[in-house]
Amino acid sequence: MTDAAVLPGSTPRRRWSSLSFPGLNFWLALAVIGLLLVCAVSPQLFATHDPLAIAVRGKLQPPSAGHWFGTDHLGRDVYSRLVYGTQNSLRATSIAVALGLVIGSLIGLVSGTAPQRVDSRIMRVVDVMLAIPNLLLSLAIVTALGFGLVPVAIAVGVGSIGSFARIMRSEVLRVQGATFVEATALLGASKGYVIFRHVLPHAMGPVLALATVEFGAAVLSVSSLSFLGFGAPPPEMEWGLLIAEGRKFINVGWWLILFPSLVIVGTVLTTNHLGRELERRHAGDH
Amino acid sequence: MSTRASGQAASARPSRWTFARLRPVLTKKLLQAAFVAWASFTLTFAILYWLPGDPVSIMLGADAQVDPAAFAKIRAQYGFDRPLIIQYADALWRALHLDFGTSLVTGKSVTASIAEAAPVTAQLAFIALALSVILGTTLAVLSLDLPGFPRFGVIFSKIPSIFVAVPTFVVGLLLLQFFAFTLRWVPATGSDSWLTLVLPALTLAIPGAGLLGQVLSNSLHQTYSETFIRLMRSRGYSELRILGHALHNASLPAFTMAGLIVGGTLASSVVTETVFSRQGIGRLMQMGVTNKDINLVCGLIVFSALTYVVINLLVDLLYPLLDPRVEYRA
């Protein structure tokens, strides 16, 4: 065992991280997220055209100086539609992550602090939620709630409750075992005080890291459900929906699919990178 | 309680395989599997039949104008006028006999529709899983920067994280666009020749390959820092042979994710089969949700949960065979 400990850099991960510049990537990722947020809040800042202006004469134009990402089958500017679509996509994703984070954390917190019998029952239910693939669970909920952006967001959020509950519970259990928490309890602090003043703040870090990763997963799920036609109906704009519309013209217009796809992939890659960075930071903490 | 092998592993091992030793383990695992199957049915039932208040109004759509008499008649026809607990007990009893009622749209038996569509998806999923294992392993190995391999490890180590970041429908559409419409190598849709399987299988394989690549590359990195690798190097074994041993060791954590990957493949098949217009489980699911066919959706979700349960049961039971260090726990 000592052999392995003495040789530095025997695991390539360390060598890899010293090669790249994590600081730069981190700020770049943050900048991308900031840009997306600005797009979502005030799309008119970035859009070059009216996203709904129909110009049948200029339909299905390849990318050019006038239309950066080309035009669709009604002559609408794809770039502007993407910029405006950011709003719906990010809104649905945020609702989904917030829902999963709040309800999942609550379940995890209750489970972790409750007596063992209650804890094991709650975790059984969580195991079942994890046994059904997220997308299928979301599809069931969409069937029950009806179609639209908000039902899709709720469905995706409910699908992620299980993983939030699980990580929150394990974090709560870890923090509860720490000496300072036991000491506070011994000094006579009430259970509620210990949980909200000490356990919750210390358990929150990894949960927030998971929330960042889940944000990327939610972007994927929301756009998949929209693509399948269960999201907002067509006059609305959403990344997955734009691709679903472009799909009908797949053999004539590659730009209708490629650019929205790149935006989705870029967003997910960015949030995944941020999430991993946060996870690594928390792993270094303890 | 674990059936602990004694110091003489060789003499102790055969006794672990007697049925008497294995029975409590098997019983417990089977009970657990049955519980998950039951609970997933209950969860699905609760979402589909209880959450909306009235299944008939889902079927008809929110803004349907039906006169109350006809509404009541439909409710009575499907048995939705009975108390919820009776409906549940009835549905559970029928589900135990693999009967999920009839599709509300086509009128066909849900079980028959699933049985008809399952082989199509199974064939696709098998090829996709094989592809994702090959692809994932290749990426993980190439990311190691082993002596004698091309030294682009940094590049290969990024690919799995890109694979998991790309939505399935994007992969499908981009493959379709490039190979079917631009190069015209393979037909775009249909399910008659094996050529039509290539693109869907590749599409389904990408997310699995990404997941597997990430897990495997982590555990391979760990394995390569273990002493036995250095020992083998010092004894002059070829890199390929060392890799074989390391892969055997490192594949074990990845093996436990089989259930997750198969479940993910089933979920991705919804999108993949929609993109490639194949008549499988996923397409059935997409149509079920579009038509608000709750019986069909319920049957399909229980079906996929059952698949997950069975795969996990198999993994649990096979794991000690693959890794002698792990013992059956009752």
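Long hydrophobic helices in chain B, taken as whole DSSP H segments with a C-alpha length of 15 Å or more on their own axis and mean Kyte-Doolittle hydropathy at least -0.5: B:19-45, B:68-78, B:84-96, B:110-142, B:153-163, B:195-224, B:239-255, B:258-275, B:294-322. Annotation: lysines with alpha-carbon distance below 29 angstrom to B:K73 (same-chain offsets under eight excluded): B:K108, B:K292. Put a dot 7 Å past the Cα of A:A31, heading toward its Cβ, do the same for B:H245, and the two dots end up 4.8 nm apart. Please report how far the C-alpha centroid of the range A:52-84 lies from that of the range B:262-330, rounded to the nearest whole angstrom. Using only Cα atoms, the two centres lie 40 Å from each other.
Gain on full extension, evaluated as 0.36 nm per residue between A:L262 and A:F46 minus their Cα-Cα distance, stands at 76.0 nm. For B:D316, the accessible area of its heavy atoms, probed at 1.4 Å with every protein chain present, is near 70 square angstrom.
Taken across both chains, chains A and B shield about 4300 Å² of accessible surface from a 1.4 Å probe. Cut-off under 18 Å on the C-alpha distance; same-chain residues fewer than 8 positions from A:K59 excluded. Which lysines are left, in chain and number order? Qualifying lysines at Cα under 18 Å: A:K248. Going by accessible surface with a 1.4 Å probe and the largest first, B:F41, B:F255 read B:F255, B:F41. A cut-off of 5 Å between modelled amide H atoms, ignoring neighbours fewer than 5 places along the same chain, links B:T102 with B:V110. Taking only the alpha carbons of the range B:20-322, we obtain Rg and Dmax values of 23.7, 85 Å in that order. Put a dot 7 Å past the Cα of B:T256, heading toward its Cβ, do the same for B:E226, and the two dots end up 1.4 nm apart.
Rounded to the nearest 0.05, what FRET efficiency do B:R235 and B:K73 give with R0 = 60 Å and r taken as the Cβ-Cβ distance? Could you check?
On the way: r = 81 Å, r/R0 = 1.35.
Efficiency, from the Cβ-Cβ distance: 0.15.
Can you list which of the DSSP-assigned H helices in chain A have a Cα extent of 15 Å or more along the long axis and an average Kyte-Doolittle score of at least -0.5? Helices meeting the criterion: A:22-41, A:78-113, A:116-131, A:134-145, A:149-176, A:200-227, A:255-285.
Using Cα-only point scatterers and the Debye equation, what is log10 of I(q)/I(0) for chain A at each q in 0.14 Å⁻¹, rounded to two decimals? The computed values of log10 I(q)/I(0) come out as -1.05. A straight line joining the Cα centroids of the range B:101-127 and the range A:190-259 runs 29 Å.
For B:A46 and B:D81, what is the calculated FRET efficiency with R₀ set at 22 Å and r taken between the beta-carbons, to the nearest 0.05? After rounding to 0.05, the efficiency reads 0.70.
For the residues A:K59, B:K29, A:K191, A:K248, a 1.4 Å probe over the protein chains yields an accessible-area ranking, largest first, of A:K248, A:K191, A:K59, B:K29. Take every Cα pair under 8 Å whose residues are at least 6 apart in sequence, average their separation, divide by the length of chain A, and the relative contact order is 21 percent.
Run the helix sum for chain A: -39,500 (n - 2.57) per DSSP H stretch of 4+ residues, divided by residue count, reported at 222 nm to the nearest 500 deg cm²/dmol.
-24000 deg cm²/dmol
Element breakdown for the protein assembly as shown at a 1.4 angstrom probe: carbon and sulfur atoms account for 67% of the accessible area. Spin-label model, B:L96/A:R124: points 7 Å from Cα along the beta carbon direction are separated by 1.7 nm.
Quick one: work out Rg over Rh on the C-alpha atoms of the protein assembly as shown, Rh as Kirkwood radius.
Working: Rg = 26.1 Å, Rh = 26.7 Å.
Ratio of gyration radius to Kirkwood radius for the protein assembly as shown: 0.98.
The values are calculated or read from the model by the stated rules, or taken from the named source; none is laboratory data. Just so it is clear, the model here is predicted, and its values are computed rather than measured. Cβ sites come from the backbone with ideal geometry, for glycine too, and all protein chains shown count toward neighbours. Note: areas computed on protein heavy atoms with side chains; ligands, DNA, RNA excluded. Shrake-Rupley method; radii C 1.70, N 1.55, O 1.52, S 1.80 Å.
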